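Reviewing the structure listed below.
The values are calculated or read from the model by the stated rules, or taken from the named source; none is laboratory data. For clarity, every value in this text was computed on a predicted model and none was experimentally measured. Methodologically, a virtual Cβ is constructed for each residue, glycine included, from the backbone with ideal geometry; neighbour enumeration extends over all protein chains shown. Keep in mind that these areas ignore ligands, DNA and RNA; they rest on the heavy atoms of the full protein, side chains included. Shrake-Rupley method; radii C 1.70, N 1.55, O 1.52, S 1.80 Å.
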Amino acid sequence: MQLDSLTSNEMLALLNWYKSVGVDMCVSDLSVDQFSLSEVKDAPASVLPQSLPGKSGGKQSPLIDVKAFLEKKDDGPKTPLTAQSPIEGAKGDPEQAQSLALSANNLEDLRSKLINLDGCALRMRATQLVFGDGNPDADIMFVGKAPGRDEDIQGHTFAGRSGDLLDNMLKAIGLSRSTLYLANIVPWRPPGDRNPAPHEIAMCLPFLKRQIEFVAPKILVCLGEVATRTLLGEDTNLINTRGKWHETKIGTHDLQVLTSLHPDFLLKQPAQKRQVWLDLQMIKREIEAS
Ligand code: URA
């Protein structure tokens with residue numbers, strides 16, 4: 001469909017439709033289906049950010065079938081697809097992010113510095129920042145991966161179904177949102193709920209570390225693979241870290257880390273809840289002993 005063939009009422013209807021599905025900003029001349037992009041292994045990245053010539057020589061309608069376009073065979077040399085849209089290409093300097101995070105004097109200050117962080121494109125796509133929440137004086141902190149749809153709308157960590165499951169798990173060992181602190185590796189929802197990219201993590205990690213320093217928990221629980229690898233090291237994973245305590249320093253703060261399965265995973269694989277029950281018992285014993 002060519003935009004210039006639409007009547008003004010049709011254009012208005014199209015804009016209203018975009019609005020109703022949550023589109024609130026224009027980041028490119030083309031609409032890009034991030035889900036199909038992540039499935040395409042080997043498309044020319046060079047086509048992604050640019051406008052395409054339409055039949056009449058003008059610009060192509062934003063309603064182009066991008067996947068079909070990417071699958072054309074005669075596009076010249078292939079470059080690996082990074083699934084980056086133009087705005088995601090705008091990368092900041094993690095060292096500057098670290099200086100900014102270190103300059104924060106308290107959690108509120110850190111939040112106000114993070115909210116305007118340049119160089120992490122997740123911020124531009126998300127509805128709002130989902131900073132850590134719960135009790136900032138808590139001795140125990142849980143770290144998940146990233147906000148999802150519900151968190152993005154409500155602005156709180158673990159606000160959706162996985163949050164309900166987490167609440168039930170916590171209740172089983174006498175914990176609640178008022179007795180712990182919750183945060184994520186990245187504080188903005190990644191498009192399509194994909195895993196955050198290494199550069200996005202690198203930009204946000206100094207803020208999470210500073211948050212951990214301010215909360216200063218005795219116990220930190222990494223929920224899932226992304227939190228585990230980010231906080232315990234790239235060479236770790238859930239299989240080789242679960243079931244034991246890891247003495248770690250995060251920022252300037254020494255603490256004990258436990259890793260466990262992510263509630264999103266448990267929603268898909270409920271039979272794995274018995275594994276988490278063992279982790280919860282370890283947490284309970286540690287709290288009672290301290
Ligand atoms: N999943 C996460 O990792 N974090 C949230 O806050 C919600 C879902």
> Taking the range 212-237, which residues are open to solvent by 20 Å² or more (accessible area, probe 1.4 Å), away from the ligand (no atom under 14 Å from the Cβ), of a type in the set (A, V, I, L, M) and part of a helix (DSSP H, G or I)?
Replying inline: L232
> So which of T248, T252 ends up being modelled with pLDDT under 95, closer than 30 Å to D118 by Cβ and either open to solvent by 10 Å² or more (accessible area, probe 1.4 Å) or within 16 Å of the ligand (Cβ to nearest atom) (or both)?
Replying inline: T252
>> Name the residue that is least open to solvent (accessible area, probe 1.4 Å), counting only residues in the range 169-187 that are away from the ligand (no atom under 15 Å from the Cβ) and part of a helix (DSSP H, G or I).
In response: A172
